[in-house]
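Worksheet for the structure shown next.
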Amino acid sequence: MTDTGSPSPHAAPPGCPAHAGAVRLAGLEYQQTPSQLYRELRRRHGAVAPVLLDGDIPAWLVLGYSEVTYVTRHDELFARDSRRWNQWENIPADWPLMPFVGYQPSVLFTEGEEHRRRAGVITQALEGVDQFELGRECQQIADRLIASFAGSGQAELMSAYAHALPMRAAVQMCGMPATGTDTQRLVEDLRISLDAAEGDDPVAAYTRVGERIAQLVKEKRERPGPDVTSRMLTHPAGLTDEEVVQDLISVIAAAQQPTANWICNTLRLLLTDERFALNVSGGRLSVGEALNEVLWLDTPTQNFIGRWAVRDTQLGGRQIRAGDCLVLGLAAANTDPLIWPEAHVGAENSAHLSFSNGEHRCPYPAPLLADVIARTAVETLLERLPDLVLAVEPEELTWRPSIWMRGLTALPVQFTPVVQ
């Protein structure tokens, strides 16, 4: 979603005293200084802040690490079925966030035993991906992408590399061709669904994504292969084609844009922070540390919508009503001063919430596969182009105007041209 402007208090919706002083999320300049904004929200509201989504729809932004952890570990209080929302009468059909919250027969909205069944299918389908083979495929994809711009001595890595590589890897895992107009349209529609720019129609884009994945499922039902889609279709749980379509959308969306931003945010860190620049020669030293630090400080998914309160309860000193929507502030939680009391975020551990937490976290082994894709992308690029440097000053880099995703608008670089 596109966001411009700066944070400002807004009058609470009628009959909603709990949201007095709420901040419009649609107006926050998250893309440039999110940490400052999270600090201000904490100062004014504590660990749980009243906010307004698009169209001034009230919700709660959970900022605290312990509070986000509590919400994600207590599905009996904060569940995923969005049909509980007490604001549906105020939501238009073309609401920009509908792809996030509109109920679908997807693993994202299931609960209890049904969620465990659906997540189990995804887990076993992903476990069938050979990580070493995935690494080899990603290196081959990386080599082809790098070859397309290596001779020019310059490139814009966000579009030419960071987005393209995980896209091709994800669709290959699911049994689609890695290249071609059809695949490119799917990826563009996924981008619009997750992070629409001005003039985009995320609802229409999400509809097109569903149609293309339905076609893939039909193809694999007729001609199964050694891929994630076929393994989901033949799993003993017996998911319907519609269930497989919805769950595949979740898998591909999670593998593509967040991983692309993880790659690009890591490259930015390596190219701008002298702690890494002194050690990265050869492309392997410190890459793992940089990938992990990005998950703490510039996590690809800043905020996630959401959870819905099952009954009246309290969280972070706030009275949460049954049916209230909670947005998980993953980026804010990762930098919560209560877990980093000396204001220094140590990236040496992996207790971040970037893959969420609890039963609805990214299913194992998805984070491991994402790490293979991201690590291979970064290491291969630095090995092939060892004198890679930014083509602009670091302060000229800008972040996409999104409250949901954390990614650069562009990453221009230059290097010694390589003759193929």
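The values are calculated or read from the model by the stated rules, or taken from the named source; none is laboratory data. In this text, all values refer to a predicted model and were calculated from it rather than measured experimentally. Don't worry about glycine lacking a Cβ; one is built from the backbone with ideal geometry, like all the others, and counts go over all protein chains shown. Just the protein is used for accessible areas: all its heavy atoms, side chains included, with ligands, DNA and RNA removed. Shrake-Rupley method; radii C 1.70, N 1.55, O 1.52, S 1.80 Å.
When each of 125, 147, 155 is tested for being small (Gly, Ala, Ser) and under 30 Å from residue 207 (Cβ atoms), the lone residue that passes is 125.
As a summary of the residue check, residue 94 satisfies the conditions (1) modelled with pLDDT under 95; (2) out of contact with any Phe, Trp or Tyr (no Cβ under 7 Å at 6 or more places or on another chain); (3) not in a loop (DSSP other than H, G, I, E, B) except for the one numbered (3).
Selection of strands (runs of 3 or more DSSP E) fully inside the range 317-420 by the criterion of at least 1 residues being within 30 Å of residue 43 (Cβ to Cβ), touching a Lys or Arg at 6+ places or on another chain (Cβ under 8 Å) and open to solvent by less than 20 Å² (accessible area, probe 1.4 Å) returns 325-329. Selection of the range 111-149 for residues being crowded, with 19+ Cβ neighbours inside 10 Å and of a type in the set (D, E, K, R) yields 118, 137. Against the conditions (1) modelled with pLDDT of 95 or more; (2) in contact with a His (Cβ under 9 Å, 6 or more places away or on another chain), residue 128 satisfies every one except (2). Taking each residue of the range 361-380 that is under 30 Å from residue 74 (Cβ atoms) and looking for partners that are open to solvent by 10 Å² or more (accessible area, probe 1.4 Å) and charged (D, E, K, R) with beta-carbon atoms closer than 7 Å, six or more apart or interchain, yields 365/127.
Across the range 298-314, the qualifying residues are those that are among the hydrophobic types (A, V, I, L, M, F, W, C) and open to solvent by less than 10 Å² (accessible area, probe 1.4 Å), and the one among them that is farthest from residue 255 (Cα to Cα) is 309.
Of the residues 332, 347, the single one that is at negative phi and modelled with pLDDT under 90 is 347. For the criterion of being modelled with pLDDT under 95 and buried (at least 22 other Cβ atoms within 10 Å of the Cβ), residue 157 fails.
Conditions tested, residue by residue: (1) out of contact with any Pro (no Cβ under 8 Å at 6 or more places or on another chain); (2) under 17 Å from residue 250 (Cα atoms); (3) of a type outside the set (S, T, N, Q).
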| residue | (1), (2), (3) |
| --- | --- |
| 147 | yes, no, yes |
| 156 | no, no, yes |
| 160 | yes, no, yes |
| 166 | yes, yes, yes |
| 172 | yes, yes, no |
| 175 | yes, yes, yes |
| 179 | yes, no, no |
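Among residues of the range 49-79 being of a type in the set (D, E, K, R) and more than 20 Å from residue 34 (Cα to Cα), the one that is most open to solvent (accessible area, probe 1.4 Å) is 73. Within the range 388-405, one or more residues are touching a residue at least 40 places away in the same chain (Cβ under 8 Å), in contact with a helix residue (DSSP H, G or I) (Cβ under 6 Å, 6 or more places away or on another chain) and within 21 Å of residue 58 (Cβ to Cβ).
Taking every residue in the range 265-294 that is farther than 19 Å from residue 368 by Cα and pairing it with any residue that is modelled with pLDDT of 90 or more and open to solvent by 40 Å² or more (accessible area, probe 1.4 Å), at least 6 positions away or on another chain, the pairs with Cβ-Cβ distances below 6 Å are 272/394; 283/383.
Residue 106 meets the conditions (1) more than 22 Å from residue 336 (Cα to Cα); (2) open to solvent by 10 Å² or more (accessible area, probe 1.4 Å) in every case but one. The failed one is (2). Is there a residue in the range 64-71 that is assigned to a loop (DSSP other than H, G, I, E, B), more than 17 Å from residue 304 (Cβ to Cβ) and not acidic (Asp, Glu)? So far as the range 64-71 goes, no, none of its residues is assigned to a loop (DSSP other than H, G, I, E, B), more than 17 Å from residue 304 (Cβ to Cβ) and not acidic (Asp, Glu). Any idea how many residues of the range 80-90 are surrounded by 14 or more Cβ atoms within 10 Å (Cβ to Cβ) and touching a Pro at 6+ places or on another chain (Cβ under 9 Å)? Qualifying residue count, the range 80-90: 1.
One residue stands out in the range 46-76 among those that are hydroxyl-bearing (Ser, Thr, Tyr) and over 20 Å from the mean Cα position of the chain (by Cα): the one that is farthest from residue 338 (Cα to Cα), namely 70. Checked against the criteria, residue 129 does not count as touching a residue at least 40 places away in the same chain (Cβ under 8 Å), β-branched (Val, Ile, Thr) and in contact with a strand residue (DSSP E or B) (Cβ under 7 Å, 6 or more places away or on another chain).
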